[in-house]
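Remarks on the structure that follows.
The values are calculated or read from the model by the stated rules, or taken from the named source; none is laboratory data. Here the structure is a predicted model, which is why all the values come from computation and not from measurement. Every residue, glycine among them, receives a Cβ derived from its backbone with ideal geometry; neighbour counts consider all protein chains shown. Surface accessibility is based on the protein's heavy atoms, side chains included, excluding ligands, DNA and RNA. Shrake-Rupley method; radii C 1.70, N 1.55, O 1.52, S 1.80 Å.
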Amino acid sequence: MDECSKQILQKFQEEQKKRGLPQMGTLGAGNHYAEIQVVDEIHDSFKAGAMGIDRVGQIVIMIHSGSRGLGHQVATDALLAMERAMEKDTSLIINDRQLACARLHSPEGQDYLASMAAAANYAWVNRSSMTFLARQTFAKVFNATPDDLDMHVIYDVSHNIAKFEQHLVDNKLKTLLVHRKGATRAFPPHHPLIPVDFQLTGQPVLVGGTMGTNSYILAGTDKGMAATFGSTCHGAGRASSRNKTRRTLAFQDVLNNLEAKGIAIRVASPKLVMEEAPEAYKDVNHVVDTCHQAGISEKVVKLRPIAVIKG
């Protein structure tokens, strides 16, 4: 293990580890999900082909999950540490404690970056674990190996994360800490940080809908790199709060609407059905069209859910 990895592990407190270990390989609640989806439309056959998608009707699996309780504990601990840091640095002024911050090179700032990196690594392994389980399940049902079923990973990317990247600012290349909250990375063709398979297409961008609406795969663009630091939407965004949807939507009505669309659902908690109903979110088609028309990402594939699992 290299020295950097050792330092990251040392930053993890026992409470964070305790919350993370039993949740490995699980989805979590909220807008996290695993979906079986059908390719509904192909907007760019060359880029779709580079991803292994070559026909309408093809089946894909999309998994949206993160660092679970471990990541939540990292954020909780960091907020407390940064609140204490702000008491010592009176030049930092905020209007909401959730915006508590610390200077990048302060001990609190460095501790948070290390803990966030460890939480992001946990999230990668968490999704990889669920990918393995999904492959094993399909192999069992169809009596074939995952390789025979061509169950390869198209892409895996984190969002709601801050990363050091190089970008042009006033025609000068600068190293920036880019925080994508409610957004996801969308690097253009030929960018050195995307895999060789996508050097000609741009980075695949995974945009999840809700449990009853379309999802999309987009591709990053040069315009997006210049205008938004290589970022685009990562979902539709909520139109109503969770409290409001629980008050205004009926559990059975949501299930009936999904059934009418040919969508099967398995959910851990009944309240999630109302909280994550399609009516709770903006129209993902309009959001994706806006990003496409603005040129910050381009539509490649449109996906339709046929089975949804909510954590």
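Would a scan of region 62-83 turn up a residue that is under 26 Å from Gln203 (Cα atoms), over 21 Å from the mean Cα position of the chain (by Cα) and basic (Lys, Arg)?
no
Tell me, please, whether a residue that is modelled with pLDDT of 90 or more and open to solvent by 40 Å² or more (accessible area, probe 1.4 Å) can be found in region 4-19.
Within region 4-19, none of the residues are modelled with pLDDT of 90 or more and open to solvent by 40 Å² or more (accessible area, probe 1.4 Å).
Of all residues in region 131-156, which are under 20 Å from the mean Cα position of the chain (by Cα), in a helix (DSSP H, G or I) and among the β-branched types (Val, Ile, Thr)?
Hit for region 131-156 is Thr131, nothing else.
With respect to Thr201, determine if the residue is open to solvent by 10 Å² or more (accessible area, probe 1.4 Å) and in a loop (DSSP other than H, G, I, E, B).
Here the answer is no, as Thr201 does not meet what is asked.
Looking at region 256-311, which of its residues are basic (Lys, Arg) and in a helix (DSSP H, G or I)?
Lys271
With respect to Gly57, determine if the residue is of a type outside the set (Asp, Glu), part of a helix (DSSP H, G or I), surrounded by fewer than 19 Cβ atoms within 10 Å (Cβ to Cβ) and at pLDDT 95 or above.
no
Looking only at region 246-273, count every residue that is within 18 Å of Ile309 (Cβ to Cβ) and of a type in the set (D, E, K, R) and tell me the total.
Final tally of qualifying residues: 4.
Identify all residues within region 240-297 that are surrounded by fewer than 17 Cβ atoms within 10 Å (Cβ to Cβ), among the hydrophobic types (A, V, I, L, M, F, W, C) and in contact with a strand residue (DSSP E or B) (Cβ under 6 Å, 6 or more places away or on another chain); write none if there are none.
Answer for region 240-297, where residues must be surrounded by fewer than 17 Cβ atoms within 10 Å (Cβ to Cβ), among the hydrophobic types (A, V, I, L, M, F, W, C) and in contact with a strand residue (DSSP E or B) (Cβ under 6 Å, 6 or more places away or on another chain): just Ala264.
How many residues are within 18 Å of the chain's Cα centre (by Cα) and open to solvent by 30 Å² or more (accessible area, probe 1.4 Å) if we restrict to region 165-183?
Number of matching residues: 3.
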